[in-house]
Amino acid sequence: SMAAAALGGLGLLRGRLRLRLRLGASSSSSSSSSSSSSSSSSPLGRGAGARAAAGRSYGSEAKEEEELRVRYLDDEHKGIVVLGLNRSHAKNALNKNLLKMMSKAVDALKSDKKVRTVIFRSEVPGIFCAGADLKERAKMHSSEVGSFVSKARATINEMANLPVPTIAAIDGTALGGGLELALACDIRVAASSAKMGLVETKLAIIPGAGGTQRLPRTIGVSLAKELIFSARIVDGEEAKSIGLISHVVEQNEAGDAAYRRALALAREFLPQGPVAMRVAKLAINQGMEVDLVTGLAIEEACYAQTIPTKDRIEGLLAFKEKRPPRYKGE
């Protein structure tokens, strides 16, 4: 039909335009943050090495700097960046400072070509993120609350729009804004003991950082309504059974089982063509919001972006020569 064809054409144009804009940003010169953030070659450790690897370019005061740890991993994990929430005294609750730091970190990652996958985790055992910092909110003037929620929403959206795959490693409790943060990631992995829920209706409000939109898109409308209407908290096993998370693992003594699983998953992504990964994410994300005809036009526009790349030529050559490809992200 003409209407479908017109929609398809529109999708194609929009897809190409957005793609150019985003690929333009992603292929711009690599961000300097990779050199200013010291990397850690022991990605599993929570010890002194991990502490020393805090991102020095984020926040001037030591305490503030510690609240979000940015680590560029090395060796066989090169290309993986770990963002670690670290407000142990406040159960990683999202306050103004943490949101500001997350926004800054995401902004640096967005334009860094060396970044292949981002893992969001907690550095605090037993907790992922307890949601918005209600103690800070209680001190806010009523006029400030709106702008705080807007900032949280914008930061979580920026995260969702990162051009590379993102994985949330949920090793503990993720409530309210904490679960909204995880829902904005492409993939969620959790420990069986982890607790998750959008509990805002208990406080006579609703999820305000994407929860009412991303939860039904993840687990279906009826189940999302049930969880939000009841403010129910589910554990890792139930979260897996309803499709809220992709993988559930038994918690270990160190309390980082979900992070280890996320790391293994991220390693599966590393050998693939970097431009293809970004374009695939864009095609899926945009296609999910439109009808099939428009979606297929978006895929066509996205596919066209992978044809002229040097990586594609290298991929075909490597296949022919029966060797692993050496992609450069070009």
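Worth a mention:
- Matching residues, the range 237-274, being buried (at least 22 other Cβ atoms within 10 Å of the Cβ) and touching a His at 6+ places or on another chain (Cβ under 9 Å): ALA258, ALA262, LEU263, ALA266
- Comparison of ALA301, ALA318, ALA283 shows that the only residue that is more than 22 Å from THR166 (Cα to Cα) and in contact with a helix residue (DSSP H, G or I) (Cβ under 9 Å, 6 or more places away or on another chain) is ALA301.
- Taken together, the residues in the range 265-285 that are closer than 21 Å to ARG121 by Cα and part of a loop (DSSP other than H, G, I, E, B) amount to 1.
- Verdict on GLN286 being open to solvent by 30 Å² or more (accessible area, probe 1.4 Å) and either in contact with a Cys (Cβ under 8 Å, 6 or more places away or on another chain) or polar (S, T, N, Q) (or both): no
- Residue in the range 308-326 that is on the phi > 0 side of the Ramachandran plot and either modelled with pLDDT of 90 or more or open to solvent by less than 100 Å² (accessible area, probe 1.4 Å) (or both) present: yes
- Long-range neighbours under 6 Å by Cβ, at least six apart or interchain, first residue in a loop (DSSP other than H, G, I, E, B) within the range 244-264, second surrounded by 24 or more Cβ atoms within 10 Å (Cβ to Cβ): ILE245/ARG188; ILE245/ALA190; ILE245/ALA239; GLN251/ALA191; GLY255/ASP171; ASP256/ASP171
- Those helices (runs of 4 or more DSSP H) lying entirely in the range 167-231 with at least 3 residues within 22 Å of THR117 (Cβ to Cβ) and at pLDDT 95 or above: 177-183, 211-219
- Test: LEU73 is under 13 Å from MET159 (Cβ atoms) and either modelled with pLDDT of 95 or more or open to solvent by less than 10 Å² (accessible area, probe 1.4 Å) (or both): no
The values are calculated or read from the model by the stated rules, or taken from the named source; none is laboratory data. All values derive from a computational prediction rather than experimental measurement. Neighbour counts are summed over all protein chains in view; Cβ atoms, including those assigned to glycine, are modelled from backbone coordinates with ideal geometry. Side chains included, ligands, DNA and RNA excluded: accessible areas come from the protein's heavy atoms. Shrake-Rupley method; radii C 1.70, N 1.55, O 1.52, S 1.80 Å.
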